[in-house]
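A short worksheet on the structure shown next.
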Amino acid sequence: LHAAGQIDKAMLSFHKAWELWPGYNEPMNFLGVIYKTRGQRQKAIESYQLALKHTPEFTKALYNLASVLTSSNESLSTTTMTTAAIEQVQNSNQTELLMAVDIYKQLAQCELPRPWDRGDVYAQLGVVQLRLGHMWQAALSFQRSLFHTNYGHTLSLEFLGLLHVRYY
């Protein structure tokens, strides 16, 4: 139903599935995706947290929750970033960013299909750490990302280069 664009019917089905199998995490994850798409941020967060309640290592919900927690109106990319702007890119909700750091650290410990996926997790962790102003931790996360991707993760290379220019 969701794929066919029948969102309201899909939501009813996901709620019904959750009622029937409260430990089955997929319905809550899908509800979170729908809520996020509709701009209902808090409901998306609650849905992802429910999906993780019985299965804390459910990587889809971990990724989705971290994505919602780190989303803001600001776009963070090295193409538009100057070294002075690194210090200004901070989300007003520090608590949610700290939660996202914990989620990315948890994801890094999960079994992931490919080493590149772990590298991507470390890159995202580094971005969140930058937003929090934790430059040293961010640099370490970017280095870990490069290790897991055979030094092929472009985002990590760019941010590590910016950090090197700015702080070393």
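Screening LYS53, LYS43, LYS60 for residues that are modelled with pLDDT of 90 or more and exposed (fewer than 15 other Cβ atoms within 10 Å of the Cβ) leaves exactly one candidate, LYS53.
Looking across segment 90-112, the residues that are open to solvent by 50 Å² or more (accessible area, probe 1.4 Å) and at pLDDT below 90 come down to GLN90, SER92, ASN93, GLN94, THR95.
Residues in segment 29-40 that are open to solvent by less than 50 Å² (accessible area, probe 1.4 Å) and either within 12 Å of the chain's Cα centre (by Cα) or not aromatic (Phe, Trp, Tyr) (or both): ASN29, LEU31, GLY32, VAL33, ILE34.
Within the set LEU12, LEU69, the sole residue that is part of a helix (DSSP H, G or I), at pLDDT 90 or above and under 19 Å from VAL101 (Cα atoms) turns out to be LEU69.
Candidates are the residues of segment 144-168 that are under 24 Å from GLU96 (Cα atoms) and in contact with a Ser or Thr (Cβ under 8 Å, 6 or more places away or on another chain); the one that is surrounded by the fewest Cβ atoms within 10 Å (Cβ to Cβ) is LEU155. Filtered by the rule that a residue be among the β-branched types (Val, Ile, Thr) and in a helix (DSSP H, G or I), segment 136-168 gives THR154, VAL165. Residue count for segment 143-160, restricted to those that are without any contact (Cβ under 8 Å) to a residue 40 or more places away in the chain and closer than 18 Å to GLY133 by Cα: 3. Taken over segment 130-150, the criterion of being more than 15 Å from ARG114 (Cα to Cα) and of a type outside the set (A, V, I, L, M) is satisfied by ARG131, GLY133, HIS134, TRP136, GLN137, SER141, PHE142, GLN143. Of all residues in segment 127-143, those being in contact with a Leu (Cβ under 8 Å, 6 or more places away or on another chain) and open to solvent by less than 70 Å² (accessible area, probe 1.4 Å) number 10.
Filtered by the rule that a residue be open to solvent by 20 Å² or more (accessible area, probe 1.4 Å), farther than 20 Å from LEU107 by Cβ and in a helix (DSSP H, G or I), segment 18-28 gives TRP18, GLU19, LEU20.
The values are calculated or read from the model by the stated rules, or taken from the named source; none is laboratory data. Predicted model only: the values in this text are computed from it and were never measured. All Cβ positions, even for glycine, are placed from backbone atoms using ideal geometry, and neighbour counts span all protein chains on display. All accessible areas refer to the heavy atoms of the entire protein, side chains included, with ligands and DNA or RNA removed. Shrake-Rupley method; radii C 1.70, N 1.55, O 1.52, S 1.80 Å.
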